[in-house]
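The values are calculated or read from the model by the stated rules, or taken from the named source; none is laboratory data. Please read all numbers here as calculations on a predicted model, not as lab measurements. Every residue, glycine among them, receives a Cβ derived from its backbone with ideal geometry; neighbour counts consider all protein chains shown.
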Amino acid sequence: MTPSIRIHPGILSPGVQLIRLPWRTAVPISLPVDDEANELLTRNALALLIAMLLDQQVPLERAFSAPRDLVRRLGHEPSAEELATFDPEALAAVFSERPALHRFPKAMAARSQELAKLIVSEYDGDAAALWNTAPTGAELLKRVSALPGFGAAKAQIFVALLGKQLGVRPPGWREAAGPFGADGSHVSVADITDDESLGKVRSHKQAMKAAAKAKAGN
């Protein structure tokens, strides 16, 4: 099958065409959330980005279920264009409705809107184009790192998540993901597929925190 061609004016000079690379394979996401949430994360790239954005200072189950809850509250799956132009106060109210989508719903509503605006301006509103058109792992990491709310570690974890859970594996993706790209590791959400792997990741994080605390005490 020949890759389709699409122009993304936000990242290319006018008139330059970019080949949509077929890195993504039909691999469903299998995180410890319900089937409805996993299905949404698998097929809706914007939902996956928002979930990863929200994955801080809350349990990962809450973060990765939030896009499903957002869809339920809106009554439909929002596009990047819709979120980008949503009334900020109204969006904050949706995020704040109990149970709130995040510990800091207003701040995360604003950050999610910033993310949507970037997807509209840089990728024609097509969130999946961020990774489907990345020719290398290094370029993929560069694009993810440019997203609002994606620091160095989160960007690498997301590259690892794409590779391990969705089969998005441009050349060099493991190297770009750093320690999170290692095969057989249990260090981040990229490695979680069931309750057992969730326990291993949480044990690793607890060990890291204990080591950091011990080091600080010396």
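What to note about this one:
- Test for Glu61: is it in a helix (DSSP H, G or I), of a type outside the set (Gly, Ala, Ser) and surrounded by 14 or more Cβ atoms within 10 Å (Cβ to Cβ): yes
- When every residue of the range 194-207 is checked against the conditions, none turns out to be of a type in the set (S, T, N, Q), in contact (Cβ under 8 Å) with a residue 40 or more places away in the chain and surrounded by 13 or more Cβ atoms within 10 Å (Cβ to Cβ).
- Filter result for the condition that a residue is part of a loop (DSSP other than H, G, I, E, B), over 22 Å from Arg111 (Cα atoms), out of contact with any His (no Cβ under 7 Å at 6 or more places or on another chain) and modelled with pLDDT under 95, over Gly184, Gly199: Gly184
- Check on Leu161, surrounded by 11 or more Cβ atoms within 10 Å (Cβ to Cβ), at pLDDT below 95 and assigned to a helix (DSSP H, G or I): no
- Among residues of the range 172-188 that are on the phi > 0 side of the Ramachandran plot, those with a beta-carbon under 7 Å from a residue that is of a type outside the set (A, V, I, L, M, F, W, C) and not in a loop (DSSP other than H, G, I, E, B) at least six positions away or on a different chain give the pairs Gly172/Gly137; Gly178/Gln156.
- Pairs where the first residue, in the range 71-84, is closer than 12 Å to Phe95 by Cα and the second is assigned to a helix (DSSP H, G or I) and of a type in the set (Val, Ile, Thr), C-beta under 8 Å, 6+ apart: Arg73/Val94; Leu74/Val94
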